[in-house]
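S.K.: Structure incoming, see below.
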């Protein structure tokens, strides 16, 4: 992003432009990486050639075939940028919730034509909505123009741990790739405050609940 004044915190590299402006690589969470390439073709061959199809463009046939060949949980597979490019933790949680699919189900065991159609349809709808809202901005992160996206206000499941959505209670379960947000259906009248406390603090599903998705 553009830099004015002193060097900002977490700025790892700066470039001085010929017009006097400066551009900085600011990465407080250290998720980003930098590479150098001899040209555009080198970039295509050495980096982009390994990426899967874009999540907005992938076909039903391609997604179904790739998920049918992996024994990983669905969420782990969808986060693999070599399988499909463009989905992150937030949007996979939202996608699985919209499709009413548990993200910890083994991809190859649950994939079929109907589920593939639902995933492709909801994936495109979700990402187009997020793009229209300038994405999800969490905590104090902003875009390069200093403005904040708004899609985080439309999250149905991500970041809503412990909240009650009608008879749906949002909980977190851990899988091999990351923390996944699940919807759990409970008979709220049979639960006591200690159940909610355990669920929120220990990230466990109380035995009284049954999985909704």
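Bear in mind that the values in this text are calculations on the coordinates, not laboratory data. Quantities reported herein were computed from a predicted structural model and do not represent experimental measurements. A quick note on method: Cβ atoms are made from the backbone with ideal geometry, for glycine too, and the neighbour counts reach across all protein chains shown.
S.K.: Can you sort 99, 69 so the residue with the fewest Cβ neighbours within 10 Å comes first?
M.R.: Details: 99 18, 69 12.
Placing the least packed residue first, the sequence is 69, 99.
S.K.: Semi-axes of the equivalent ellipsoid for the stretch 77-128, please: Cα gyration tensor eigenvalues, times 5, square-rooted, ordered largest first, whole Å.
M.R.: On the way: eigenvalues 46, 35, 24 Å².
Whole-Å semi-axes of the equivalent ellipsoid: 15, 13, 11.
S.K.: Residue 65 to residue 112: extension gain in nm, 0.36 nm per residue of separation minus the Cα-Cα distance?
M.R.: Working: separation 47, 0.36 × 47 = 16.92 nm, distance 0.96 nm.
Here the segment from residue 65 to residue 112 would lengthen by 16.0 nm.
S.K.: Mind jotting down the three principal axis lengths of the stretch 52-154 based on Cα atoms? Whole angstrom, largest first.
M.R.: Principal-axis extents of the Cα atoms in the stretch 52-154, largest first: 43, 24, 22 Å.
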